[in-house]
Structures are given as structure tokens and as C-alpha cells.
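Colleague: Sharing a structure, written as C-alpha cells. Questions coming.
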Amino acid sequence: MSGTYLGMPAFPVAAHKAVGNTTLRANLRHATHTIRDKRAKAVAELDDWTLLREAGKQIKDHTLRHLDTYLVQLEEAVTAAGGVVHWAADADEANRIVTRLVKETGESEVVKVKSMATQEIGLNEALEEAGIAAYETDLAELIVQLGHDRPSHILVPAIHRNRGEIRDIFRKEMGEWGRPAPEGLTDTPAELAEAARLHLREKFLRAKVGISGANFMVAETGTLVVVESEGNGRMCLTLPETLISVVGIEKIVPTWRDLEVFLQTLPRSSTAERMNPYTSMWTGTSDSDGPQTFHLVLIDNGRTDTLADEIGRQALRCIRCSACLNVCPVYERAGGHAYGSVYPGPIGAILSPQLRGTANEIDASLPYASSLCGACYEVCPVAIDIPEVLVHLRERIVQGGPATRRGNRVVLKPAKGHAAERAAMRAAAWAFTHPGALRAGQRVASRTRRFHPRTLPGPGRAWSATRDLPQVPAEPFRDWWQRTHGKKESGK
């Protein structure tokens, strides 16, 4: 899988640096608190939210169990509607396909709808190497691109930037990419939005090729769906002569009736809206409207490997709403760049290590980028138990074991640097399977409690510096139970 930020350190190192950036923390705190408060109010309007959440989970699980069937159905429907379907096993193949399709049009520039999938595979960089300019048209993505930056949030990629920083980026960079920023541009939101609109308008009117992702694909009709709030997506999907959509294979739903569930849960969980201002749907091509050529590139890129994991596969339910990021105390303090992936936050901590594997230091550290507080699970509109998957991946990293890589079953070796953790877990497992030894250890711990340190020594000092060590009780539970209830039970 592509999408690793080259040169990024492991999460603990990157997060340590990020928490010292007071501007970043202030931007994140303000934005995430605002979004999550609005979301809570929007969700509270629906009496059947719990039922919708369960319905979304069931639909996704059913689709993943029968993914092969629905993908074939989708291909047949898209082809019958005049589209062309391409299959890409990994990022490199997807980039080759898209680059070839753009070159066949004779064009050297494309306009893009915001797409996590194209960021995942590094499409912009691949197109640039081929001499093709890819222009982001989502406002936040435009800010990131003009600032030579990286996205740090699924919904709001430029969440780490404030208005003053955006104004400076527009003033400095817009002229290099097209129409320059207006003279005397201020940091007023309306002026910034107008500057972006004028800058992008000429690109919309000139571009012959559009590239998009999709929020959903409907198998029974071959329909693709993009939901957005600015209208730039509608322009990219309707004005160009050629449309190329790059979509992960897990974005499929079986029927229109299934889609109805997600069109209620996604906007409320992401933008806290009852429905998205722009919901664009297209099925193949039409002689009288829209692009005359449509290509759908379906990417695997580690998804079938993830599907093979009975616990980890629930990450593929994700509908990219970003609700988990906005409630996560770790993300709020560390920001998205610390995750070293286009998928930040709690969902990124379980998705990236599965799509990319845990061989490198970045991905091996991501399952530990969590306090396991469970807030992410509580807000997830498709009930992904992120804490469960995090613990599952931690076990895989420490212990190694069977996994699927590129379609083959392999046995992973334990990651380096976890020898002490493995030894502690083995000792605990032995103690719990030997009741006599466990009872003796508990009694020794209780009788020596006055000598126990208040902080842990060595590397453990970092943990106990911000936490109180739990006090050992004066008497083990087994002894207390025997003393207070044992005689009563024996007398029966």
C-alpha cells in the first residue's frame, strides 16, 4: 500500500513533537469540539439512531461476507450502463491504469473531487511524474495542496490550519497554480472562500478530465454516489468529458434501499447535517448529459487481506465520517500528521496497519496510539469496535502469528522491542493457569504492600508519572471471600 509519509517517525516520536505545538493544539481543540458538539445535537434528533446504526452494521457485514458476488454484479451493471470497469490489485497498478487513461485523452491536467482512495495510492504524485497536473478542488484539499502540506483529518484535511495561515498560503501560492489571490485578501472566511471559488472556476471550465472517488457504489444498478458540501464535486462530476472514479472495493452496498440508511447516518456523523447539500449520483454515461466516457477503477490494495481477519475486517465497514477523530483525546492532542498515513485517528490506527502490514516502525506503533477509552466506538455510525481491533493488532505485533499478506497465509514474527511485554504476558498466563501459585503471589503482594513503590522504575516511570499506581488490598479477594462466606457455604 502507498500512502506512508516518507521520513515520518513512529507515532510516539511524532506525537511527542506535535503536542509541543501550541498553535496546532489550539486549532485542533477548537475544531474537533465544535464538530462533535454539532454532531451530538444532529444525532439526538433521530429517535431511531440506534436502529439505523445497527442496520448500517448489518448491511456492511452482509456485503463483506458476499463481496465477491456484489462486485461481479456491480461490474455487470456499470458495463451495461456504458462504463468501463478496471481492477487494481495494489496502488502501483491503480496508478498505472489511471495514468494511462488520462494520457489516452491527450490531456495534461485533471480536476479532482476529494478522495481518500487517491491519497492512499499516491495518485497525485504518480500523475505528476507522468507530466499530468492534478488540481484538488475541495477547499480544504486546495489549502493542503497550495501549502505543500499533507491532510491531517478525514473530513477537514486542513483542520490544523487557522484563517491567518490560510490567507498567507493563498497570497503566496495561488499565482503559481493559476489565478492569483485578490489584492488585499484578508482572513475573513467569506473572502477566503471567494478567492478559492475564483481560482477554481477557470479550472472547472477548462478541464476535460475529472477524477473522483465515491462514498458508495450500488451493486444492483451500478450507481456511484458522492456526498459533499461545497458543490465542487458536482462540477467535477458533470463538466469534464471523461470521468475516472477510483474506489475501494469495500465501498459497495447491495441495493438502493441499503443506501437510504447511510444517507441518514453519514451526514449527521460527519458534518452534523440532516443531509448533504450536494448528493451526486451517476450510472454509466448518458448521450445528453455529463461525461461521455466513464471509467471505474476498483482497488484492493490490502482490503482482501483485511477481509480475511475475522476481528480486523470490521474496519472495512468504515464510511469515512471522521466522528471517531473528533472525540479521540489522542488525536485532539497529537493531530493527524503524527499517524504517518492518509488515514489518521482511531480508524487509521486500525486500518493502516491492516492495509499496509506492520513490518515498518510507523504501522507497528499505530495500534498503541490510543487510550482505549472507547469513545470512538460509541460514536461510530456502523459500530466498529475500534478498541477490540486495537487490542487484537497489539497482540499480533507482540506475539506474531498467522495473517494474510497479498492473498497468502503467512506467519508473522514478533516485532522487535516487545520482549519484556511478551515475557510479562507469558508469566501472567502461567500464573492464571496455576491457582496455587496465583494465590501465593496475591498473599505475598498483600503482606508486603507497605514496601511497594509509588512510581515504577526504569521505562515504567513514564507511565506512572501521570498515573497513580493501584494500591494492593490488605487481603486477597479469595481470602476475604473464604473468611466472610466460606463457613456459610460449607454449612449448607
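The values are calculated or read from the model by the stated rules, or taken from the named source; none is laboratory data. Worth saying up front: this structure is predicted, and the values here are computed from it rather than measured. For neighbour counting, all protein chains shown are included, and Cβ atoms are generated from backbone atoms with ideal geometry for every residue, glycine included. These area figures cover heavy atoms from the full protein model, side chains too; ligands, DNA and RNA do not enter into them. Shrake-Rupley method; radii C 1.70, N 1.55, O 1.52, S 1.80 Å.
Colleague: Between a first residue in region 115-131 that is over 16 Å from LEU142 (Cα atoms) and a second residue that is of a type in the set (A, V, I, L, M, F, W, C) and in a loop (DSSP other than H, G, I, E, B), which pairs have beta carbons less than 8 Å apart while being 6 or more apart in sequence or on different chains?
Modeller: Pairs found: GLU120/MET1; GLU120/VAL342; ILE121/MET1.
Colleague: Of these, GLY336, GLY340, which one is open to solvent by less than 10 Å² (accessible area, probe 1.4 Å), touching a Pro at 6+ places or on another chain (Cβ under 6 Å) and within 22 Å of ILE121 (Cβ to Cβ)?
Modeller: Going through GLY336, GLY340 in turn, just one is open to solvent by less than 10 Å² (accessible area, probe 1.4 Å), touching a Pro at 6+ places or on another chain (Cβ under 6 Å) and within 22 Å of ILE121 (Cβ to Cβ): GLY336.
Colleague: All but one of (1) modelled with pLDDT under 95; (2) part of a strand (DSSP E or B); (3) not charged (D, E, K, R) hold for HIS86; which doesn't?
Modeller: Tallying (1) modelled with pLDDT under 95; (2) part of a strand (DSSP E or B); (3) not charged (D, E, K, R), HIS86 fails exactly one: (1).
Colleague: Just to be sure I understand, how many residues within region 368-390 are in contact with a Ser or Thr (Cβ under 8 Å, 6 or more places away or on another chain), closer than 29 Å to VAL410 by Cα and open to solvent by less than 20 Å² (accessible area, probe 1.4 Å)?
Modeller: Looking only at that region, the number is 2.
Colleague: Yes or no: ARG268 in contact with a Cys (Cβ under 9 Å, 6 or more places away or on another chain), assigned to a helix (DSSP H, G or I) and not small (Gly, Ala, Ser)?
Modeller: yes
Colleague: Which helices (runs of 4 or more DSSP H) sit wholly inside region 288-389 and have at least 3 residues that are touching a Cys at 6+ places or on another chain (Cβ under 6 Å) and not β-branched (Val, Ile, Thr)?
Modeller: Ranges flagged: none.
Colleague: For region 312-330, check the following and say yes or no: at least one residue is on the phi < 0 side of the Ramachandran plot and of a type in the set (Ser, Thr, Tyr).
Modeller: no
Colleague: Looking at (1) touching a Leu at 6+ places or on another chain (Cβ under 8 Å); (2) at pLDDT below 95; (3) crowded, with 18+ Cβ neighbours inside 10 Å, which is the one condition that is false for LEU224?
Modeller: Unmet for LEU224, out of (1) touching a Leu at 6+ places or on another chain (Cβ under 8 Å); (2) at pLDDT below 95; (3) crowded, with 18+ Cβ neighbours inside 10 Å: (2).
Colleague: Only one residue in VAL78, VAL111 is assigned to a strand (DSSP E or B), open to solvent by less than 20 Å² (accessible area, probe 1.4 Å) and either of a type outside the set (Asp, Glu) or touching a His at 6+ places or on another chain (Cβ under 7 Å) (or both). Which one?
Modeller: VAL111
Colleague: Moving to a separate point now. Which condition number in (1) in contact with a Phe, Trp or Tyr (Cβ under 6 Å, 6 or more places away or on another chain); (2) more than 30 Å from TRP49 (Cα to Cα); (3) part of a helix (DSSP H, G or I) is the one that ILE169 fails?
Modeller: (1)
Colleague: Are there any pairs, at least 6 apart or on different chains, whose C-beta atoms fall under 7 Å, with the first in region 59-79 and closer than 11 Å to LYS251 by Cα and the second among the aromatic types (Phe, Trp, Tyr), and if so, which?
Modeller: Qualifying pairs under 7 Å: THR63/TYR70.
Colleague: State yes or no: is ARG483 open to solvent by 80 Å² or more (accessible area, probe 1.4 Å) and either closer than 25 Å to ASP309 by Cα or in contact (Cβ under 8 Å) with a residue 24 or more places away in the chain (or both)?
Modeller: So ARG483 fails the test.
Colleague: When region 354-393 is examined, which residues are found to be at pLDDT below 95, touching a helix residue (DSSP H, G or I) at 6+ places or on another chain (Cβ under 7 Å) and charged (D, E, K, R)?
Modeller: ARG356, ASP363
Colleague: Taking region 344-363, which residues are open to solvent by 10 Å² or more (accessible area, probe 1.4 Å), over 17 Å from HIS16 (Cα atoms) and hydrophobic (A, V, I, L, M, F, W, C)?
Modeller: Result: LEU355, ALA359.
Colleague: All but one of (1) part of a loop (DSSP other than H, G, I, E, B); (2) exposed (fewer than 12 other Cβ atoms within 10 Å of the Cβ) hold for LEU469; which doesn't?
Modeller: So LEU469 meets the others, but not (2).
Colleague: Please go through region 275-287 and pick out each residue that is open to solvent by 30 Å² or more (accessible area, probe 1.4 Å), touching a helix residue (DSSP H, G or I) at 6+ places or on another chain (Cβ under 6 Å) and not in a strand (DSSP E or B).
Modeller: Scanning region 275-287 gives a single hit, MET275.
Colleague: A further question follows. Does region 436-447 include one or more residues that are in a loop (DSSP other than H, G, I, E, B) and either open to solvent by 40 Å² or more (accessible area, probe 1.4 Å) or under 30 Å from THR32 (Cβ atoms) (or both)?
Modeller: To start, the set of residues in region 436-447 that are in a loop (DSSP other than H, G, I, E, B) comprises none.
No: region 436-447 contains no residue that is in a loop (DSSP other than H, G, I, E, B) and either open to solvent by 40 Å² or more (accessible area, probe 1.4 Å) or under 30 Å from THR32 (Cβ atoms) (or both).
Colleague: Further question: Exactly one condition in (1) in contact (Cβ under 8 Å) with a residue 40 or more places away in the chain; (2) within 30 Å of CYS321 (Cα to Cα) is not met by PRO387; state its number.
Modeller: (1)
Colleague: Only residues in region 392-419 that are at negative phi count as the first member; pair them with residues that are in a loop (DSSP other than H, G, I, E, B) and of a type in the set (Val, Ile, Thr), Cβ under 6 angstrom, at least 6 apart or cross-chain, and list the lot.
Modeller: HIS392/ILE311; ILE397/THR358
Colleague: Take THR32 and decide whether it is open to solvent by less than 60 Å² (accessible area, probe 1.4 Å), at pLDDT below 95 and among the β-branched types (Val, Ile, Thr).
Modeller: yes
Colleague: Considering only residues that are open to solvent by 10 Å² or more (accessible area, probe 1.4 Å) and within 21 Å of VAL78 (Cβ to Cβ), which ones fall in region 261-274?
Modeller: Hit for region 261-274 is LEU263, nothing else.
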